[in-house]
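Some notes on the structure that comes next.
The values are calculated or read from the model by the stated rules, or taken from the named source; none is laboratory data. Since this is a predicted model, take the numbers as computed values, not measurements. Ideal geometry is used to build each Cβ from the backbone, glycine not excepted, and the neighbour counts take in all protein chains shown. The area values use the complete protein model at the heavy-atom level, side chains included, leaving out ligands, DNA and RNA. Shrake-Rupley method; radii C 1.70, N 1.55, O 1.52, S 1.80 Å.
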Amino acid sequence: MSEVSIRNVFKSFGAVKVIQGISMDVANGEFVVLVGPSGCGKSTLLRMVAGLESITSGEIAIGGRVVNNVEPKDRDIAMVFQNYALYPHKSVYENMAYGLRIRGLPKAEIETLVQRAAATLELTELLKRSPRELSGGQRQRVAMGRAIVRQPAVFLFDEPLSNLDAKLRVQMRAELQALHRRLETTTLYVTHDQVEAMTLAERMLVMNQGRTEQIGAPLEVYTRPATTFVAGFIGSPPMNLIPGRIDAGGGALVTAGGETVRLPLAVPALGGREVLLGVRPEHLETCDPAAALLTPDINFVELLGSDSLVYGYLGADKRGVRLAARLHATSTRAHDGALPLRFEPENLHVFDPATGRRIEV
């Protein structure tokens, strides 16, 4: 079994606390993505699992064995880095076989393992080439092949697609998904790209300043963000967060730019509380003025082909709450002026402005 257990792990560099009490269990064969902004500690956490960084406190176990003091070479892991880390003077075959030779495997076994991995990654025709003769996507496949031939218990990926262009990233995401389905190897994958996280993960760990914000399946994280940080980080554009309050009768009131509007919410238990009301841009739609729940004053429209991103403010003085909407291109046009919008009540989220935590309603 190759499950990974992370238990209350802390990491400090002097007085700087980088990881602050992360705990998570990764099941055997599971693909888990560590996602968060640059500097949140996700790569440091991955490097601690690999043994490339020491642990200040806490415990990491692989396959039921605590590995805090185990050398990286003895952890039965394989790591793929952002910069490929290929030997420029060696062929593709030699890059993939080198680690196996160091471990003293017989030549025939090395040949079998390399050829099998090359076939899996469609590298067979490239085995005699040097890295400089390969495209970025091919180099990344070689780096993955070098990891695959080791047949590790756990794969560790540290932003492996960051150096690729947009088209190659899409292609490589599909290849990674197919590879995981074939190999079913436990995988930890680090990225700051939410699209990668949403499309690759079976579960994701959203991190912020060395702490866990939320752990869950991608759709769960998207539809029920646990905090305002998650709501703002997962989704593009991020969720609109509108300051408001719950009146004595349980209705939600929003005052912005000198105007007050009532949103479709009835939570008498929260009467009198200040809240943050969240609605995702893609859940807003144009409507007749009489049916509008929000009427932002539009000052910018970003045309994306089939969709348009519309930005504006609640309140005509343009000093109110910033609002974004993702609309079908046929339902809007570039203009300056008020745009009536509505949304379904079930798409409204409520957060505590003091703690940023989700309030269940």
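In terms of solvent-accessible area of protein heavy atoms at a 1.4 angstrom probe, what is the ranking of ASP193, ASP25, highest value first?
So, going from the largest accessible area down, we get ASP25, ASP193.
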Given a Förster distance of 41 Å, the FRET efficiency implied by the Cβ-Cβ spacing of THR255 and LYS17, rounded to the nearest 0.05, works out to 0.60
With the label point 7 Å along the Cα-to-beta-carbon line of THR56 and a cut-off under 17 Å to each amide N, the hits in region 4-28 are 7-23
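Can you give the Rg/Rh ratio of the chain, where Rg is from the C-alpha atoms and Rh is the Kirkwood radius?
On the way: Rg = 24.6 Å, Rh = 23.0 Å.
Rg/Rh for the chain comes to 1.07.
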Placing each pseudo-label 7 Å from Cα in the direction of the beta carbon, THR330 and ASP288 end up separated by a distance in nanometres of 2.1 nm
Output ordering of 35-42, 16-23 (per-residue mean of other Cβ within 10 Å, highest first) is 35-42, 16-23
So, with points 7 Å from each Cα along the Cβ direction, the SER162-ALA248 label distance in nm works out to 5.5 nm
For the pair ALA108 and ALA178, the simple spin-label estimate (label points 7 Å beyond Cα toward Cβ) gives in nm 3.2 nm
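Could you pull out the pairs from LYS42/LYS167; LYS73/LYS167; LYS73/LYS128; LYS17/LYS90; LYS17/LYS167; LYS107/LYS167 whose alpha carbons sit more than 30 Å apart here? All intermediate terms of the calculation are to be shown ahead of the outcome.
Working: LYS42/LYS167 25 Å; LYS73/LYS167 34 Å; LYS73/LYS128 27 Å; LYS17/LYS90 40 Å; LYS17/LYS167 37 Å; LYS107/LYS167 38 Å.
Check vs 30 Å cut-off fails for LYS73/LYS167; LYS17/LYS90; LYS17/LYS167; LYS107/LYS167.
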Heavy-atom accessible area of the chain with neighbours in place, 1.4 angstrom probe: carbon+sulfur share in percent works out to 50 percent
Per DSSP, the loop-located trypsin sites (Lys or Arg not before Pro) within region 244-310 having at most 16 other beta carbons within 10 Å are ARG273
If the chain between GLN115 and ASN68 were fully extended at 0.36 nm per residue, the gain over the current Cα-Cα distance would be 13.5 nm
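For the chain, what does the accessible surface come to per residue with a 1.4 Å probe? Please give it in Å².
Working: 16740 Å² over 361 residues.
Ligands and nucleic acids excluded, the result is 46 Å² per residue.
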Taking a ≥ b ≥ c as the square roots of the eigenvalues of the Cα gyration tensor, with a/c under 1.5 meaning rounded and otherwise prolate when a/b exceeds b/c and oblate if not, region 37-109 is oblate
From DSSP H assignment alone, runs of 4+ in the chain each adding -39500 (n - 2.57), the sum over residues rounded to the nearest 500 puts [θ] at 222 nm at -7000 deg cm²/dmol
